[in-house]
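Data first, discussion second: the structure below is written as C-alpha cells.
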C-alpha cells in the first residue's frame, strides 16, 4: 500500500499578477501651487528687485528750493537650475523570469514621476531655508537672516517645545511687521508630530468656539492663524529630534524650471538590450525676499 498524505501539502498559493505602489509612493507633490514658477531658458537667470518698504517721501520745506534726489534701492535674486535624475534598468530576460507577474515598466514610470514630485518638494524646502545667491553676479551667498528664524525655545521660557500657538502667532507677527501681504497665500509646512502637538495641547485649534472642531474631527489642520497648512515628513530633522517648520508667502518663494519632469524609456544595445527607464528634470528654488520665509524649530521629543 502506497504512502498516505493529507491534503494540506497540496494546497496552492495564488500570486498577484501586477506590481502595486506603496501608499507612501502615491502622494502627489505636497507643495504644488504654493510657489511662483519661473521658466529658466539658460544656465541661470537673474531677477531684479526695485524699491524698499522703508522708502518714504520727504517734506518740502523751502519754496523753489533745490531738489534732493535719492536713489531707490535695488536688489538681485538668482535661480541656478540643477539637474536631477533617476534611472532604472531591466534585463531583457526579466519579463520571462517574472512569469505571470510581468515586467514592472509601467509601475516604474509611475514611481519615477512620484519621486520627481517629491524632489520638487525637497528643492523648494532647500531653497526656502538654505543658502541663496544674490548680488549683480550671483556669487554672494545669502543665508536666511536670524530675524526670520524662531528658536526651539521660543516663547517657552528657554525650554524646548513642539509647535505651539505662540510660535504660530510669532511667525504671523513676523510677516505682519514686515508687511508681507495677508490672505490665502501664506503657508505653513509641518510634520505629523506638530499636528499631534496642536491637537493635543492647543485649545484654540480643537475648541469649537474657535474652529468648529474641524481640525479635531478630521485630524487634519487645513487653515489656522492666517496660514494654509501643508504636512510633509520631508522637512529636515536633527538627530536630537528637532524639526524645522517653514512659514512662507507664495509670491516671495520662486521655483525656477529649466526642464520639467521628463521620462524616457529606451532599449540599450550596449547593455545587452536592457530596458532603461530614466526620468530627469532641471530645477532650483530661491527666496525672492527673505522676509517671505520664517523658520520655526520644533522639538519632536516633548
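Taken together, the values in this text are just the output of simple stated rules run on the coordinates, not laboratory data. Given the structure is predicted, the values throughout are model-derived calculations rather than measurements. As a convention, Cβ positions derive from the backbone with ideal geometry for all residues, glycine included, and neighbour counts pool all protein chains shown.
What the table shows:
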{"item": "Segment 253-302 - percent relative contact order, Cα under 8 Å, separation 6 or more", "result": "42 percent"}
{"item": "Contour excess over end-to-end distance, with Cα ends at residue 61 and residue 176 and 0.36 nm allotted per residue", "result": "38.1 nm"}
{"item": "Using a Förster distance of 22 Å, the FRET efficiency for residue 237-residue 153 (Cβ separation, nearest 0.05)", "result": "0.85"}
{"item": "For the chain, built as a Gaussian network whose Cα springs stay under 10 Å, the top-fluctuating residue of 182, 18, 270", "result": "270"}
{"item": "FRET E, pair residue 228, residue 37, Förster distance 22 Å, beta-carbon r, rounded to 0.05", "result": "0.75"}
{"item": "Theoretical gain in end-to-end length, residue 54 to residue 137 [0.36 nm per residue, Cα-Cα removed]", "result": "27.3 nm"}
{"item": "Scattering profile of the chain at q = 0.08, 0.09, 0.12, 0.15 Å⁻¹ [log10 I(q)/I(0), Debye over alpha-carbon scatterers]", "result": "-0.52, -0.63, -0.93, -1.19"}
{"item": "C-alpha long axis of helix 105-129 to longest principal axis of the chain, angle in °", "result": "20 degrees"}
{"item": "Tail beyond 16 Å, pair distance distribution of segment 214-290 (Cα, percent)", "result": "74 percent"}
{"item": "Top of 84, 190, 35 by mean-square fluctuation, Gaussian network on the chain, Cα under 10 Å", "result": "84"}
{"item": "Average Cα contact separation per residue, the chain, under 8 Å, 6 or more apart, as relative contact order %", "result": "28 percent"}
{"item": "Highest-MSF residue in the chain out of 251, 117, 86 [GNM, Cα springs under 10 Å]", "result": "86"}
{"item": "Mean Cα-pair separation over length for segment 15-150, i.e. relative contact order, pairs under 8 Å, 6 or more apart, %", "result": "33 percent"}
{"item": "Value in Å of the Kirkwood radius, where segment 61-151 supplies the Cα pairs that are averaged", "result": "19.0 Å"}
